[in-house]
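Enquirer: Got a structure for you, written out below as structure tokens; questions coming shortly.
Just so it is clear, none of the values below were taken in a lab; they were calculated from the coordinates. Since we're looking at a predicted model, the values are computed, not measured. Virtual Cβ from ideal backbone geometry, glycine too; neighbours counted across all protein chains shown.
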Amino acid sequence: MQYQSIDLHNPKYYQNRELSWLDFNERVLAEAEDSTNPLLEKLTFLSIGSSNSDEFFKVRVAGLQDQLKLGVDETDTKKQWSPEKQLEEISKRNKDIVRYQYDLYNQKLAELAEKNILFKHIEDLNESELHQTTAIFRKHIKPAITPFGVDAYRPFPHLNDGVIHLFVRLKKSGSPFIAILPVPLLIERFHILEENDKKIILFTEEILFKFLNELFTGYNVEYSFTFRITRNADLELKEEGADDLLSVIEDYLLKRKNGRAVRLEVDVRTASSTFKEDVTYLMEELDLLKRDVYEISGPLDLTVLSDIASQLKPTLLTESFQKFTPEYPSILNKQTVYELSEKQDIFLHHPFDSFQPVIDLVRQAVEDPNTIAIKQTLYRVSDESPFIEALKKAARKDIQVTVLVELKARFDEANNVHWAKELEESGAHILYGIKNLKTHSKATLIVKKDHRGFKRYAHLGTGNYNEQTARLYTDMGIITTNEKLTQDVADFFNYLSGYSKQPIYNYLHVSPFEMRDSFIDNIEKEITLHKHYGNGHIIAKMNSLTDKKMIIKLFEASQAGVKVDLIIRGICCLIPGIPGVSENIKVHSIVGRFLEHSRVYYFYQNGNKELYLSSADMMTRNMIKRVELAFPIIEEKWKKYVINILKLYMYDNTKAWILGADGRYTKAVPNKAKPVCSQNQLINYF
């Protein structure tokens with residue numbers, strides 16, 4: 001076959017980004033029917049699926065709707081679909097996924113019922129349970145409820161994003177009335193009743209259905225149903241001409257609360273003869289189309305299931321993942337992280353390795369009188385971050401503290417504004433990033449005085465400086481004193497804090513643009529070497545693959561005969577296994593217990609083995625719209641170690657999904673082979 005005659009831009013070689021994301025969320029939900037997962041963890045996966053979907057609509061669907069409303073008919077770069085076509089396909093695909101989610105939900109209720117955990121409707125309560133419920137309503141719900149009538153004097157109320165609302169049809173003296181009743185986010189969404197050896201779970205909206213007459217005295221309640229809206233959170237952040245980005249972010253957060261409605265979810269279980277009319281009324285008030293409406297036979301907003309699972313843990317002790325303690329490197333029991341890093345690089349693979357050495361790196365620097373400077377990038381941190389406390393303490397001790405707090409980290413903006421102010425008040429020098437770019441890099445630099453002058457210590461990682469998510473996400477990082485690499489990190493921080501063009505680095509590859517160029521160079525080199533030696537091999541592990549230039553270069557590698565193994569948790573716009581295009585590419589996807597968050601890029605290079613860890617996925621936004629880092633694993637023992645981890649992921653035949661040439665994912669099964677679960681093996685190894 002003449003590869004030159006194949007048009008690698010042909011849309012049939014690609015998957016649409018949004019539909020690929022929906023495929024990913026379906027794989028998350030599929031964990032709720034995986035028999036290897038405990039029951040309460042299955043509930044949590046259903047909750048995660050709902051949370052994922054909310055963010056998808058707030059950002060991705062909202063962006064497409066904005067394009068449509070503004071008359072921007074720009075097609076996506078892979079499938080060549082218009083915004084209208086994408087919205088239609090999203091609605092069709094996602095409605096199938098929502099049905100699947102609620103089928104799973106009902107299956108889990110049946111499994112819980114076998115364990116005497118019952119989700120009841122209000123009409124199914126016995127006298128004792130109803131008595132308890134009445135007390136709950138009078139004491140814990142009714143005082144917090146404010147119903148809103150809708151008429152000429154009471155306009156249609158503002159409906160807050162994500163809040164459960166009751167739509168209530170009333171009558172008085174034969175005249176119809178409408179009221180809307182929001183269920184405040186600050187009251188409990190569910191209540192657990194104890195009855196003999198059983199636990200009965202009741203949703204707050206179910207209780208409200210029973211007692212609506214107490215809220216609308218003098219009126220007859222005909223019927224009610226629950227609904228929920230999702231609002232646009234993808235508002236434009238105007239950085240141009242801003243004197244103070246912090247105040248711009250604060251104003252942006254206020255505006256986001258009032259974003260345009262992008263989705264309407266309605267619970268159809270209590271639908272009446274006028275239900276369709278009422279939904280049409282809501283659509284008109286919210287300026288939504290039929291494709292934006294999701295009719296659901298079940299409780300809205302299943303994110304609540306994670307809270308329910310948490311409260312049920314003491315009752316169902318064996319129905320959660322078995323706890324494990326991340327391994328603290330035993331070698332650090334006899335020497336500090338600084339002493340060890342002067343002898344060798346320290347490689348850490350979280351959550352299997354403890355995150356504590358990274359915390360120690362900063363905390364011990366604060367206590368060392370020889371510390372001159374601490375520099376760190378912060379993207380998402382925990383509410384009680386040990387890094388924030390250590391950096392504040394360092395600044396008060398007159399250590400030069402420079403912190404880049406990325407104020408534009410989506411949905412963490414308010415948290416980051418708060419920490420930026422606290423750090424600044426303590427005397428730290430705060431950077432807000434680079435105009436029109438998000439700084440997503442994960443880097444720390446410590447500078448100390450020693451007998452030779454100055455010594456630099458650096459940490460570089462694939463994940464955030466967040467000790468809580470470090471127990472939930474797989475990420476990798478190194479602590480190093482390699483002189484060329486720490487010089488690169490120093491140059492990188494100076495590039496962020498001062499005015500200069502991007503430096504020429506020894507080892508680091510930094511986006512925008514340069515990282516993509518370096519990966520393309522590595523792929524081209526792999527192709528050239530493969531033509532001479534026939535042993536080309538690329539392995540790339542990432543969250544998502546969307547960048548078309550990178551995809552085309554991987555197609556070219558496949559056409560040249562290079563073996564390409566991709567381990568992609570989420571979006572994959574490349575379709576593998578197409579003869580003459582991608583027949584040498586395999587795509588694995590693993591969800592499992594941990595959020596697979598590490599980004600690793602390996603090029604065999606005829607045995608020279610180039611291996612990089614990175615904060616970046618092969619996504620266009622990471623390549624050209626963010627400040628990202630890719631850094632090499634230099635020491636051979638750690639290089640071998642990481643390559644073996646990548647191979648373990650590829651051998652996984654219990655949690656992995658395989659993407660086929662038809663664009664569909666198929667769950668891997670062991671068949672007669674030995675079952676391999678990569679995450680469990682890593683837990684057991686440590």
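Enquirer: Roughly what % of DSSP beta bridges within the range 386-518 run antiparallel, to the nearest 5?
Expert: 80
Enquirer: Mind listing the phi-derived Karplus ³J(HN,Hα) values for the range 531-541, rounded to whole Hz, using 6.51, -1.76 and 1.60 with θ = phi - 60°, and x for any glycine or proline?
Expert: 5, 8, 10, x, 10, x, 8, 10, 10, 9, 10
Enquirer: Same structure again: So what are the ³J(HN,Hα) numbers for the range 675-683, from phi and the Karplus equation (6.51, -1.76, 1.60; θ = phi - 60°), rounded to whole Hz, Gly and Pro as x?
Expert: Each residue's phi maps through the Karplus curve to give x, 10, 10, 4, 5, 5, 5, 5, 4 Hz.
Enquirer: What is the set of long-range amide H partners of residue 443 at a cut-off below 5 Å, with H atoms built 1.01 Å from backbone N?
Expert: Distant-sequence amide H within range of residue 443: 377.
Enquirer: Something else about it: With N set to the residue count of the range 330-504, report its C-alpha Rg divided by 2.2 N^0.38 Å to two decimal places.
Expert: 0.98
Enquirer: Please report, in whole Å, how far the alpha carbons of the range 246-396 spread along each principal axis, starting with the longest.
Expert: 75, 49, 25
Enquirer: How big is the antiparallel share of DSSP beta bridges in the chain, given as a percent to the nearest 5?
Expert: Bridges in the chain are about 70 percent antiparallel.
Enquirer: Also, quick follow-up: Neighbouring Cβ atoms within 10 Å as the yardstick, rank 573, 677 fewest first.
Expert: Least crowded to most crowded, the residues run 677, 573.
Enquirer: Give me 55, 18 sorted ascending by neighbouring Cβ count inside 10 Å, so fewest comes first.
Expert: 55, 18
Enquirer: Can you sort 598, 341, 175 by how many other beta carbons sit within 10 Å, fewest first?
Expert: 175, 341, 598
Enquirer: Considering only C-alpha atoms, what is the centroid distance from the range 330-359 to the range 149-173, in Å?
Expert: With the range 330-359 and the range 149-173 each reduced to a Cα centre, they are spaced 58 Å.
Enquirer: Next question. Let me check the size of the range 37-312 from its C-alpha atoms; what are the radius of gyration and Dmax in Å?
Expert: Radius of gyration, then largest Cα-Cα span, for the range 37-312: 20.6, 66 Å.
Enquirer: Collect residues whose amide H, placed 1.01 Å from N in the peptide plane, falls under 5 Å from the amide H of residue 120; neighbours closer than 5 in sequence don't count.
Expert: Under 5 Å from the amide H of residue 120: 201.
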